[in-house]
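All remarks here apply to the structure that follows.
Nothing in this text is a laboratory measurement; each read-out follows from the coordinates by a stated rule. Computed from a predicted model, the values in this text were never measured in an experiment. Here the Cβ positions follow ideal geometry from the backbone for every residue, glycine too, while neighbour counts run over all protein chains shown.
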Amino acid sequence: MRIDGKSEGPRQSMSWLHTWVGLPLGWLLFAVFLTGTLSFFHQEITVWMKPELHQSLATQPQAQQLQTAIDALQTRAPDATAWNINLPSNRQTATEISIRKPGDDPRDRRGGERLTLDSATGEALTARDTRGGGFLYRFHFDLYGIDRVIARWIVGFATLFMFVAIISGIITHKKIFKDFFTFRPNKGQRSWLDAHNATAVLALPFHLVITFSGLLLLMFMLMPWGIDAAYEGGRQDFFQAMNGRPVQQGQQQNQQRGAEQQREGMQQRNREGANDEARAANREAGERREQQAQRNGERQAGGERQANNGNREGRGGNGEGREQQPTAPAAPLGDLVAMLATAEQQWPNKTITSISVTNPNRENAEVEIRAQESDSLLSRGQQPSMKFNGVTGAVIATPEAAAVSIPSAIYNLTTLLHMARGADVALRWLLFLSGLLGTMMVASGLILWCVKRAPEQQAQGYKSFGYRLVERLNVATIAGLPIAIAVYFCANRFVPVGIPLRPEMEIKFFFIAWLISAIHATVRPHRSAWIEQMAIGAGLFFIVPIVNALTGGRALWSSIYHQQWTVASVDLACILMGTLLAWSVYKLQTKPAAVVKARKTVEKPVEKSLIQAEGQA
Amino acid sequence: MLVWILWAINIISLSCLAAAMSKHQRDFFGRALDPKQNQLLTLAGWALLAVSLFASILLRGPSVGASIWVCAITFSALVVGLVATYLPLRLKTVNAIAAMLSGLLLGGYLLF
Amino acid sequence: MHTENNNTAVPAPRTPRRKAGPSRRYRVMIAYRFLLAIFGGYALAALVAMVTSLGFPEQQASATLSGTLLAFCVHTGVFIWVFMVQSTRKATLGVLIPAIIFAVAYWLLKK
């Protein structure tokens with residue numbers, strides 16, 4: 001794409017494309033990458049942001065935790081239609097229970113009573129109202145304050161640009177394997193290029209998977225044409241077909257599946273992220289409700305949450321509901337602790353996280369125990385689960401999962417990895433660290449754009465408008481977003497508990513901090529802006545664990561001592577962040593910018609912090 | 001545990017591959033290696049990579065095993081890259097530590 | 001962003017370019033290519049998805065999903081193609097001709 005129209009090689013044009021496809025949405029991509037990376041731990045962040053839950057220490061054996069939960073449920077709601085128990089794990093400190101009563105509207109996904117219990121005492125804990133990690137999670141694909149559909153189109157568009165940037169980057173780079181271990185420090189632009197290449201190449205499989213699956217997760221919105229062409233009923237019919245069921249179904253089967261759906265509903269509602277997702281899907285589904293209601297015979301497609309949701313909504317029109325199920329005669333509930341022991345024996349290396357009981361204290365009671373880690377990421381239904389007869393405790397055989405076709409295996413593997421669903425702690429951390437590499441890749445790419453054009457700006461004697469704009473946006477995003485996140489964490493503790501619209505207030509602090517950082521980046525000289533914002537960010541991240549200890553959260557030494565890693569890891573990650581930012585401030589200050597090629601050396605030290613961060617990773 | 005083993009072992013395998021590249025040899029050894037040594041290093045590197053991938057798949061199934069392996073070697077490569085940049089003369093020390101670590105972890109893994 | 005720093009191709013002289021500024025013709029060409037890549041690419045991708053979905057009626061569910069997966073790759077491929085080729089006319093035809101072929105195929109399959 002040379003300006004003089006002379007011919008150029010494919011690598012030159014790809015280099016041009018890489019630059020101009022990466023830059024315009026680069027800042028958005030940075031924000032999506034960083035908040036998305038944190039979302040691998042959004043559940044942990046939410047727990048951290050509810051310091052009331054830190055008092056629950058899950059040091060007891062699981063059997064005891066389960067017994068405590070059952071006792072609480074038996075006293076509170078012996079006549080419920082379903083119970084769900086989420087036991088403490090490496091992802092939550094307390095026991096969560098939810099109760100579905102006979103009168104509840106089964107289609108209302110928010111319905112049912114939810115309680116958080118101290119895992120030792122069974123005492124109900126009331127946590128402050130906060131969006132917690134859910135805000136960061138939603139932000140990474142729904143942004144904030146604009147229409148959901150528009151936001152997703154914007155993010156989807158940015159994802160496509162990212163995909164194009166990755167492919168064109170690969171073509172440009174060419175010597176991927178030859179330069180695999182090459183990094184040349186303290187060489188200005190060369191070092192920036194190496195840093196950009198290293199972060200990109202080392203985690204290349206991750207970048208490809210995360211970007212492609214990002215498109216796939218939005219495919220029903222971005223690319224519905226194939227599905228619409230093949231299936232008259234759109235995605236609902238498509239999902240039924242995917243699960244190997246004929247598209248036209250009789251209505252009477254709805255009733256049979258009622259119990260199963262209800263249990264699934266309980267399961268989903270009890271996971272923070274799923275809950276958020278469900279709400280979104282609900283809204284989305286609402287728009288299609290009318291069309292759907294006209295279509296009879298729509299059923300649970302299984303496997304895909306959004307489709308499930310749409311169906312459930314849609315069935316409202318059929319006037320068929322689970323509440324019409326007759327109540328079975330009473331029968332004492334079997335020994336859940338023994339069932340748990342059976343499951344533990346079956347899965348010696350897995351974390352059992354959830355136990356759900358349908359129709360407790362009835363003859364038709366059924367218990368399902370689920371574990372966190374999947375054995376296979378190729379199909380969605382393979383989260384390990386065991387079903388028991390709720391009265392006798394006999395194991396109910398679950399049908400073997402059907403074979404998965406290659407395209408759905410690709411779809412499932414990439415999207416499940418994207419959401420870290422079914423991943424164990426180690427894989428979750430690896431994904432998180434790879435996400436950090438991706439964030440650094442985007443950041444170094446943005447900075448490289450400036451570094452490369454610095455000599456040209458120098459020669460011309462003044463900085464052009466476009467150059468200044470990019471410089472300032474870089475500071476406001478790369479330094480500003482971490483500041484905003486740290487402020488969000490602090491606001492969580494300083495916004496008074498109990499005020500109306502408290503979660504929105506916390507989020508306001510996030511955006512105000514970001515706005516101030518953007519203004520600061522505009523009015524201060526470039527180099528000072530970097531140093532000052534990095535310093536503020538470092539300070540804030542160091543303060544976060546102290547604030548946590550002083551405002552009712554469990555202090556770091558205590559959480560480490562009691563092995564409450566859910567809380568400790570957030571504090572430790574903040575300290576790590578603070579250290580990285582402080583180190584880059586030190587580097588920025590010790591390397592004076594007053595060399596002849598002033599502008600060029602300005603950002604050099606920051607890049608070292610990126611490399612250092614990789615080292616930490 | 002498995003992740004740590006994969007990480008440590010593949011520091012060794014990727015070091016072998018890096019050491020077989022002529023551009024790094026002067027930094028690592030102060031001289032160029034002869035083609036036979038290069039071949040040996042390349043072979044050892046790829047063999048270790050393949051064996052660890054195979055073991056990972058055997059233990060955790062194809063999808064989970066391969067995902068963990070790919071993610072783990074990313075960070076092995078990071079270590080090798082940092083060593084090649086900042087401590088090229090300590091390559092052998094780093095590898096000795098990695099070998100010891102993987103031996104210990106592997107022992108622990110097999111025993112328990 | 002990665003240009004050849006040490007070996008291939010001397011970097012284009014920048015200072016004179018600055019002074020002149022990109023010509024209008026150049027700007028229009030770049031804008032056109034971006035529009036072609038974004039909208040033309042999307043149209044071709046959608047057609048590929050539709051034809052693939054309908055093309056294999058005995059395994060329709062699999063084919064539909066494959067078609068959608070393929071569509072994203074096609075869109076990316078079109079992007080790369082549009083900026084890879086020298087001549088703007090060639091870039092246009094490279095998108096237009098496959099699009100016509102797939103549109104006809106879709107029309108035939110639908111009948």
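Before moving on, here are some points about what is shown:
- Positive contributions from Lys and Arg (+1) and negative ones from Asp and Glu (-1), summed over other residues with Cβ under 10 Å from the Cβ of B:K23, come out at 0.
- Charge context of A:L427, other residues only, Cβ under 14 angstrom, K/R +1, D/E -1: +2
- Order by protection proxy (mean Cβ within 10 Å, highest first), peptides A:17-29, C:77-89: A:17-29, C:77-89
- Taking every residue in B:13-23 and counting other chain Cβ atoms within 10 Å of its Cβ, the average works out to 2.
- Virtual spin-label span in nm between B:R26 and C:L109, 7 Å along Cα→Cβ: 5.7
- Protection-proxy order for peptides A:419-430, A:115-126, each taking the mean of Cβ atoms within 10 Å per residue, highest first: A:419-430, A:115-126
- Average beta-carbon neighbours from other chains, 10 Å sphere, peptide A:21-31: 1
- Listed from fewest to most Cβ neighbours within 10 Å, the set B:C71, A:C450 follows the order A:C450, B:C71.
- Residue mean of other protein chain beta carbons inside 10 Å, C:74-81: 5
- Above-threshold pairs, the threshold being 26 Å between Cα atoms, out of A:K174/A:K463; A:K50/A:K508; A:K452/A:K508: A:K174/A:K463; A:K452/A:K508
- Sorted ascending by nearby beta carbons within 10 Å, beginning with the fewest, A:T130, A:T477 become A:T130, A:T477.
- Using a simple spin-label model with pseudo-atoms 7 Å out from Cα toward Cβ, A:V523 and A:I146 lie 2.7 nm apart.
- Peptides A:506-519, C:95-108 ranked from most to least packed by the mean count of surrounding Cβ atoms within 10 Å: A:506-519, C:95-108.
- Based on Cα contacts under 8 Å between residues 6+ apart, the stretch B:2-111 shows a relative contact order of 43 percent.
- Contour minus Cα-Cα distance for A:T327 and A:D79 (0.36 nm per residue): 88.2 nm
- Residue order, fewest to most surrounding Cβ atoms within 10 angstrom, among A:I485, A:I352, A:I150: A:I150, A:I352, A:I485
- For the residue pairs A:K101/A:K350; A:K6/C:K90; A:K178/B:K36, the C-alpha atoms sit more than 21 angstrom apart in A:K101/A:K350.
- The stretch A:315-458: relative contact order in percent, alpha carbon pairs under 8 Å with at least 6 residues between: 17
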